[in-house]
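Contents: one structure, followed by commentary.
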Amino acid sequence: MTQPDHKSPVLAIVTILLCAGLLFAGNGLFQTLLPIRAGQEGYTAAMIGVMGTAYFGGFTIGCFVGPRLISAVGHVRVFAGLTALLTATFLAFPLYVDPWVWGGLRIVSGICIAVIYVVVESWLNDASSNANRGRVLSVYIIVTNIVTMIGQLLVNASDTAGSTLFLVVAILICLAIVPISLTPTPAPTPIPAARLDLRKLYAVSPVGIVGCFSSGMAEGAFWSLGPVFAQGRDMITSDIALLMAAFVLGGTLSQWPLGWISDKIDRRIVIGIVSCGTVLSGLAIGFDVTAPGAPILMLAVLHGALMIPIYALCISHANDAVPNALMVETSGGLILAFSVGATIGPVAASLFMSGNSEGGLFLFIGLVLFLFGIFAFFRLAVDTRQRIKDKVHFAATPAASHTVFPREDQL
């Protein structure tokens, strides 16, 4: 009788994390590189904002089509095929330097990345159990944040006006195919398609759905236009990379402390405080309150520590109100709300940056999150149904897919 291989889940998890690391490193480099290069080509903030909207619009499409595509042809084929397409898309950017072409390529890359993330995270979900899923997800978040920062810092490796860095991005993305192709990891079970029922989601968790949408607007604007802000402040490439990495570092460091606090008190208190707190840190950065160098990097860490965890806090708050059997459906709707917000955010924020007012980016982010923070406090005042004992434990959740919650057969 063949003994079960107890190492296979560990091997599968390590393999998936390696793939994710290469993917996030490549995408982290690209997310910083493209706005810098677009600025060097003379594109306005509005044009770069449209490219950001194109990317997140594609990401939203990918959330819908990903599960259906995976069900039709399987995880391995989808992963290999779309990773190859994504590699080709990144290689096309330096070949066709045109804002309309780049906008189209951003739509394609957004679709590919969304579907690839669904594949990776559903594979990770299947390889873990309810007993270790929280720890595995924590490692996943830490790994992806670290490699994202490394990818951002790689923008210093070559001239951003050339094609070398685009080749590096393509190489990193292409290499992600290797571990999953050469390791005997079983394909996971099919995953449900994401659905967006705004009325139902709002009825379940008003703060959850509004928070995910608001967080999407803020993060979509930031990741699309953050490097443009830094360029407008005459930062050199190395300083831009450090600034972007500082935001990610702050979000990484604060996820668990804020999550732990939100497990002890009403989550809406934490959500409201951090949302309103981004106004102070954002305005300090956007309107040049501090000197360049270490002071602005420290403010960036603080701003990232407040802004980035909002999405995960809202997901956890929403899951407090739903039974386990509906977690996947609920989280699928919430990620779509995030994606829709992220699609609107870059274009809306670019309007605040018109007329060489690069600080308007943080005015926009602060305004969006301040209004949401006020809404969270309003809901706290008028809705006292929730009790701390009814809450699920906080989980650091990636703003990528809805596949990291228990399957119905595991509940």
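Things to note:
- A single entry from G52, G28, G104, G39 fulfils the requirement of being without any contact (Cβ under 8 Å) to a residue 60 or more places away in the chain, closer than 20 Å to G220 by Cα, surrounded by 16 or more Cβ atoms within 10 Å (Cβ to Cβ) and of a type outside the set (S, T, Y): G104.
- Any hit, the stretch 305-322, residues being free of Cβ contacts under 8 Å to residues at least 40 places away in the same chain, more than 28 Å from D197 (Cβ to Cβ), crowded, with 21+ Cβ neighbours inside 10 Å and not charged (D, E, K, R): no
- Yes/no for A245 being farther than 30 Å from L201 by Cβ, modelled with pLDDT of 90 or more and either touching a helix residue (DSSP H, G or I) at 6+ places or on another chain (Cβ under 6 Å) or small (G, A, S) (or both): yes
- Among the residues of the stretch 62-102, those identified as over 26 Å from I171 (Cβ atoms) and within 22 Å of the chain's Cα centre (by Cα) are C63, F64, V65, P67, R68.
- Elements of the type helices (runs of 4 or more DSSP H) sitting completely within the stretch 163-232 and holding at least 3 residues that are modelled with pLDDT of 85 or more and among the β-branched types (V, I, T): these cover 164-175, 206-232.
- Members of the stretch 286-317 found to be over 16 Å from S215 (Cα atoms), part of a helix (DSSP H, G or I) and touching a Gly at 6+ places or on another chain (Cβ under 8 Å), listed by number: G286, A300, V301, L302
- Within the stretch 269-294, the set of residues being at pLDDT 80 or above and hydroxyl-bearing (S, T, Y) comprises S275, T278, S281.
- Residues satisfying the stated conditions in the stretch 135-162, i.e. part of a loop (DSSP other than H, G, I, E, B) and touching a residue at least 24 places away in the same chain (Cβ under 8 Å): T160, A161, G162
- Given (1) within 25 Å of V340 (Cα to Cα); (2) in a loop (DSSP other than H, G, I, E, B), index of the condition W100 fails: (2)
- Filter result (of a type in the set (G, A, S) and surrounded by fewer than 18 Cβ atoms within 10 Å (Cβ to Cβ)) within the stretch 349-380: S354, G355, S357
- Here the condition is being hydroxyl-bearing (S, T, Y), over 16 Å from L167 (Cα atoms) and out of contact with any Pro (no Cβ under 9 Å at 6 or more places or on another chain); of T60, T15, it holds for T60 alone.
- The residue of the stretch 368-400 that is modelled with the lowest pLDDT, among those that are farther than 14 Å from S215 by Cβ, outside any loop (DSSP other than H, G, I, E, B) and hydrophobic (A, V, I, L, M, F, W, C), is I388.
- Qualifying residue in the stretch 99-118 (condition: of a type in the set (A, V, I, L, M) and over 27 Å from A245 (Cα atoms)): yes
- Failed condition for G259, given (1) over 23 Å from A376 (Cβ atoms); (2) under 21 Å from the mean Cα position of the chain (by Cα): (1)
- Residue count for the stretch 252-279, restricted to those that are part of a helix (DSSP H, G or I), farther than 23 Å from I146 by Cα and either polar (S, T, N, Q) or touching a residue at least 24 places away in the same chain (Cβ under 8 Å) (or both): 14
The values are calculated or read from the model by the stated rules, or taken from the named source; none is laboratory data. Note that the structure is predicted; figures quoted are calculated from it, not measured. Methodologically, a virtual Cβ is constructed for each residue, glycine included, from the backbone with ideal geometry; neighbour enumeration extends over all protein chains shown.
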